[in-house]
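Working notes for the structure below.
Any read-out appearing in this document is the output of simple, stated calculations on the displayed coordinates, not a laboratory observation. Keep in mind that what you see is a predicted model, and the values were worked out from it rather than measured. Because the Cβ atoms are built from the backbone with ideal geometry, glycine has one as well, and the counts that use them run over all protein chains shown.
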Amino acid sequence: MNDAEGAYRDPVVEAYKKGIDRTLLRANLKLTVAERFRRAMAHARFADELRRAGRELRSQQK
Amino acid sequence: MTDFEALLSTLDRNRVEYIVVGGAAALAHGSARFTQDLDVVYSRSLENLDRLVAALRELKPYLRGAPPGLPFVWSRETLSHGLNFTLDTSLGPIDLLGEIPGGGTYADLIPSSVELRIFAGATKCLSLEQLIRAKRAAGRPKDMEALAELEALREEASNG
């Protein structure tokens, strides 16, 4: 990336940056790459379980 | 759910030439965003197409979202007649990309890739700088938030 590209600040991107939880990023940066992937897989398993529970709840409500 | 470890190990075991891009690359660089698939840019050499076919054959690849029963044949010919493939496999979804906007092909991206020591192997991954460049080039509204996070990661990393 050249200097001009690197220095460019898109106002839309800058607006989005204000909503980013940097504490999560700092915590991730302390992990190894493998730990980051393993954590993501654990999150995906949790998301799958939440979806399953949601489906079960909706079927009970019918 | 994508088993990143098993998918990457399968590609590496078969000596497939690829670079991790997209959400998984962002994850490697510290992103906190959720990603459900593995996006890779693969070399289009005939030798590599053969390696890719051999690697994924055992994982029963099928076109994601396509109705069951289509005559989809997983072969070098199929890969050579297309460029980008969005697949479901028994280890989870994987997107095989022949090239990406703002980055180009596997050969174009090699100089801006980094090597990750991960899961007892070495995997090429797009550098954070190139990832930012590719997101900017894509220019999709849905990428703005991801781009903001990547730039924040660069700032955090440079702050030490």
| How many nm is it between the label spots at B:ARG140 and B:ASP50, if each spot is 7 Å from the Cα in line with the beta carbon? | 3.5 nm
| request: For each of B:HIS29, A:HIS43, count neighbouring Cβ atoms within 10 Å of the residue's Cβ, then give the residues from fewest to most. | output: A:HIS43, B:HIS29
| task | Straight distance only, please: which lysines reach the Cα of B:LYS135 with their own Cα at less than 29 Å, same-chain residues fewer than 8 apart left out? | result | A:LYS17, A:LYS18, A:LYS30, B:LYS124
| task | For every other residue with a beta carbon closer than 12 angstrom to the beta carbon of A:THR23, add +1 if it is Lys or Arg and -1 if Asp or Glu, then tell me the sum. | result | +1
| request: Give me the distance between the Cα centres of segment B:42-70 and segment A:17-62, rounded to whole Å. | output: 28 Å
| Listing B:VAL53, B:VAL41, A:VAL12 from the residue with the fewest other Cβ atoms within 10 Å to the one with the most, what is the order? | A:VAL12, B:VAL53, B:VAL41
| said: With the cut-off at 1.5 for a/c, could you classify the protein assembly as shown from its C-alpha gyration tensor as rounded, prolate or oblate? | reply: oblate
| query | When only DSSP loop residues count, what GluC sites (Glu not before Pro) in segment B:1-71 have their Cβ near at most 12 other Cβ atoms within 10 Å? | reply | B:GLU58
| query | Using a ≥ b ≥ c from the Cα gyration tensor of segment A:3-61 (square roots of the eigenvalues), is it rounded, prolate or oblate, where a/c under 1.5 gives rounded and otherwise the larger of a/b and b/c decides, a/b for prolate? | reply | oblate
| said: Pick from B:GLY23, B:GLY98, B:GLY121 the residue whose mean-square fluctuation is largest in a GNM of chain B, springs joining Cα atoms under 10 Å. | reply: B:GLY121
| task | Would you order B:PHE119, A:PHE46 from fewest to most other beta-carbon atoms within 10 Å of each residue's own beta-carbon? | result | A:PHE46, B:PHE119
